[in-house]
Amino acid sequence: MQVHFIAIGGSAMHNLALALEHKGYIITGSDDVIFEPSKSRLEQKGLLPEAFGWFPEKIHDKLNAVILGMHAKPDNPELHKAKELGLRIYSYPEFLYEQSKYKTRVVIGGSHGKTTITSMILHVLNYHDIEVDYMVGAQLEGFDRMVHLTEENDFIVLEGDEYLSSPIDRRPKFHLYQPNIALLSGIAWDHINVFPTFENYVEQFQIFVDGIVRGGSITYNEEDLEVKKVVEKTENSIRKFAYGTPNYRVEDGETLLDTPEGEMPIEVFGKHNLNNLAGAKWICQNMGVDEDDFYEAITSFKGASKRLEKIAESSGKVAYKDFAHSPSKVRATTMAVREQYPNRKLIACLELHTYSSLNANFLKEYDGALNAADEALVFYSPEAVKIKQLEEVTSAQIENALNRQDVKIFTDADAFKTYLFDKEFDDSVLLLMSSGNYGGLDFEKIESVFG
């Protein structure tokens, strides 16, 4: 099989390229820019393009497939050539379905928690040496890649993203997977550039549930009212398994989970992560892992990369980074850290980086999101607002949206870094939430401050 990737450098795309190379496919690709770690990982396997840019001559009739990434534009010259030659053009999720249409597809969907739940499931299966194919949205400890594909494995576990499939396929990715076993963790409005109303956004999850293979199952978070409505509304002939947050308590900075065998210490913390754990347990049981084996494995799960990831700790101070950027994630993450460290000062930093978070009309969704923090800092780049062609966001709008007048707002990356590195962090917790990097924040320096 010869496969060409248009926009090979993306996080998802380069992992799929590596997975297919590992499977024995002949891989080529192009991109106009490739950042780390994609660049080094592609280079290591000889898949890094010799030059950046788009080269129609790379497209030829010997190719079995062309995979189109979201980073490419609809008028991409390589895409145009592929259409001219009548080649089979796949979006990323279309190709994953093609690779898994004879397998049992386990798809984890939801506005939040899907990466963590998928990661928990894969950790448990890996712990018990159960081989499955998979695609997950974060790097996991003990796994070489974020995508793994084989001919022989019976199951594939897929993180079901609701964002668009490709520049020429406007369907959400998780509509294409046709799950046999599905999970829905939560619904909280996001991606307003694609789904301009909450009703339109919720509709995508209804389509997801309605698209589960007849006779399949949906495991769902019954504590989320929107999720419950969507599952109850479906007329699909599927089995329904509800889950909720299990009993737990926090003692001296340690989370103890209530299990049939008594209290068990676990590495992850926060109500939302315990809720995620309950969902992961149901899915693992549907895949043949019994409850005792699940608990044995989950004790060693430390979390997915950038999901409440501890980056530094020393006596009396600790720092975490988290991918949280949408209002529900920011609220849940801040509350989780507050609960875990009730007697320490919590300094919560949020970067407004996405299209939704920089939209003045969407900002109100952040109402109270940082209330659990003792000190709240917000960074955003006015340049990013211009690039996204949005109206200028003001400090007053952010204060009003967060409903917090003492929030410190930074628009200059250097000023934010100076403020942060001049602080005393004794008896404190620093929480850095962003899908960006605060204009080039040196996380190694954070480690040295806390080391």
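A short reminder: the numbers here are calculations on the coordinates, not readings from a lab. A quick note: this is a predicted structure, and the numbers were derived from the prediction, not measured. Cβ sites come from the backbone with ideal geometry, for glycine too, and all protein chains shown count toward neighbours.
Residue pairs exceeding 23 angstrom between C-alpha atoms, taken from Lys73/Lys386; Lys101/Lys229; Lys62/Lys103; Lys310/Lys386: Lys101/Lys229; Lys62/Lys103; Lys310/Lys386. Computed from the Cβ-Cβ distance with R0 of 51 Å, the FRET efficiency linking Ile26 to Leu390 stands at 0.75. Karplus-based coupling profile of the range 229-245, in residue order and whole Hz: 4, 4, 5, 5, 6, 5, 9, 5, 7, 9, 7, 10, 10, 8, 9, x, 5, with θ = phi - 60° in 6.51 cos²θ - 1.76 cosθ + 1.60 and x standing for Gly or Pro. Taking amide hydrogens as placed 1.01 Å from N in the peptide plane, the amide H of Thr255 sits under 5 Å from those of Ile266, each at least 5 positions away in sequence or on another chain.
In a fully extended conformation the segment linking Glu203 and Lys229 would gain 8.2 nm over its present Cα-Cα distance, using 0.36 nm per residue. Computed as a quarter of the hull surface, the mean projected area of the alpha carbon convex hull for the range 165-219 stands at 4.0 nm². Among 364-372, 5-13, the peptide with the highest mean count of other Cβ atoms within 10 Å heads the list, and the full ranking is 5-13, 364-372.
Temperature 25 °C, viscosity 0.890 mPa s: under these conditions the Stokes-Einstein estimate for the range 174-272, based on its Kirkwood radius over C-alpha pairs, is 159 µm² per second.
With a simple spin-label model that places each label point 7 Å from the Cα along the Cα-to-Cβ direction, the separation between Glu375 and Ile311 comes to 1.6 nm. Counted residue by residue at 0.36 nm each, then reduced by the alpha carbon distance between them, the extension gain from Asn343 to Glu261 reaches 26.5 nm.
Residues whose amide H falls under 5 Å from that of Phe241, counting only those 5 or more places apart or on a different chain, are Ile218, Thr219, Tyr220, with hydrogens built in the peptide plane.
Order 17-24, 117-124, 65-72 from most to least packed using the mean count of other Cβ atoms within 10 Å.
117-124, 65-72, 17-24
Between rounded, prolate and oblate, where does the range 74-220 land on the alpha carbon gyration tensor, with a ≥ b ≥ c its root eigenvalues, rounded for a/c under 1.5, else prolate if a/b exceeds b/c? It comes out oblate by the Cα gyration axes. Counting only residues at least eight positions apart within a chain, or on another chain, the lysines with an alpha carbon under 16 Å from that of Lys306 are Lys114, Lys321, Lys329. Listed values for the range 45-53 are Karplus-derived 3J(HN,Hα) couplings in whole Hz (6.51 cos²θ - 1.76 cosθ + 1.60, θ = phi - 60°), namely 9, x, 10, 6, x, 5, 9, 7, x, and x replaces Gly and Pro. Using a simple spin-label model with pseudo-atoms 7 Å out from Cα toward Cβ, Glu98 and Tyr419 lie 4.9 nm apart.
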